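First up is the structure itself, then whatever we jot down about it.
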Amino acid sequence: MPQTGIINFSRVHYNRLFCMSFIIQTSMITQPGKLYVVATPIGHPGDLTARAIQVLSQVDTILCEERKVASRLLKQLEINKPMLELNEHNEEQIIQEILLKLIQGQNMALISDCGTPVFSDPGRGLLEILYPAGIQVLPIPGASSLVAAISICPFDLKQFLFLGFLPPKTEQRRDILSRYTNSAEALILMDTPYRLAKLLAEVAAAFGKNRTIFLAVDLTLPSEKVYLGSVQEVQQEVQNRKAEFILIIEKSSRRRR
């Protein structure tokens, strides 16, 4: 058996040459495992697909954002599988262990706390090394708060800009929003639940209190609510509510056709 050794996985090592060298030195197995990127419900448990349940039942290990959240889901499904946490705090440190397991033939599923993994959740660093390493990555589609919000938004969204999560520092957030005040496309934003009121105030300051917005809150949950109106109107309705949300800002009236 080849010697494995201990390797320090820093970002400078994430390239095709290193990964292929690592595979050759680590394992003689010709059939590596696969990574399934599995979407889980964003709220309503009935939104988990039959295929997702099948994959979670069959893989060897489940990569999760938070063990507590994943354990609750797996308990509901009566699935008992080993779990490894993969999150923003440990992604770089645990990649070596995950890659080794995949090379040795284990099949793994990646899930986030809710919705579709990787897009706005941990996992991208892992994918960056799996493709050069020849590991097959397969999507198991399902619930997505972004797609759900887009599907019920009345704005013209043939084209849009996804700005995602703004950085936590106020100055950086203000600078980013100011770049897009006259955008020819609608803007889509996300943030943590406790920053909802802060983000609305920042949008009002950058785009004006009369800019039309669409706010989808707690989608698929009993507390689900959709707000459509000016920033000021939505602020008055939302108050200091804390909830998961997708915010869509209508494109500038100067750019509408």
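The values are calculated or read from the model by the stated rules, or taken from the named source; none is laboratory data. Just so we're clear, the structure is a prediction, and the values are computed from it rather than from any experiment. Note: ideal-geometry Cβ built from the backbone for every residue, glycine included; neighbour counts use all protein chains shown.
The table that follows gives values for the structure above.
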| item | result |
| --- | --- |
| Residue, farthest from the chain's Cα centre (by Cα), within the range 109-125, restricted to residues that are outside any loop (DSSP other than H, G, I, E, B) and under 23 Å from Leu74 (Cα atoms) | Ala109 |
| Qualifying residues in the range 149-164 (those that are in a loop (DSSP other than H, G, I, E, B) and hydrophobic (A, V, I, L, M, F, W, C)) - the one farthest from the chain's Cα centre (by Cα) | Phe155 |
| Residue list for the range 67-94, filter: among the acidic types (Asp, Glu) and within 15 Å of Val38 (Cβ to Cβ) | none |
| Within the range 1-96, helices (runs of 4 or more DSSP H) holding 3 or more residues that are among the small types (Gly, Ala, Ser) and at pLDDT 95 or above | 50-58 |
| Contacts under 6 angstrom Cβ, first residue in the range 212-233 being in contact (Cβ under 8 Å) with a residue 12 or more places away in the chain, partner among the basic types (Lys, Arg) and not in a strand (DSSP E or B), 6 or more apart | Val231/Lys209; Val231/Arg211; Gln232/Lys209 |
| Test: residue in the range 85-100 that is within 25 Å of Leu48 (Cβ to Cβ) and surrounded by fewer than 16 Cβ atoms within 10 Å (Cβ to Cβ) | yes |
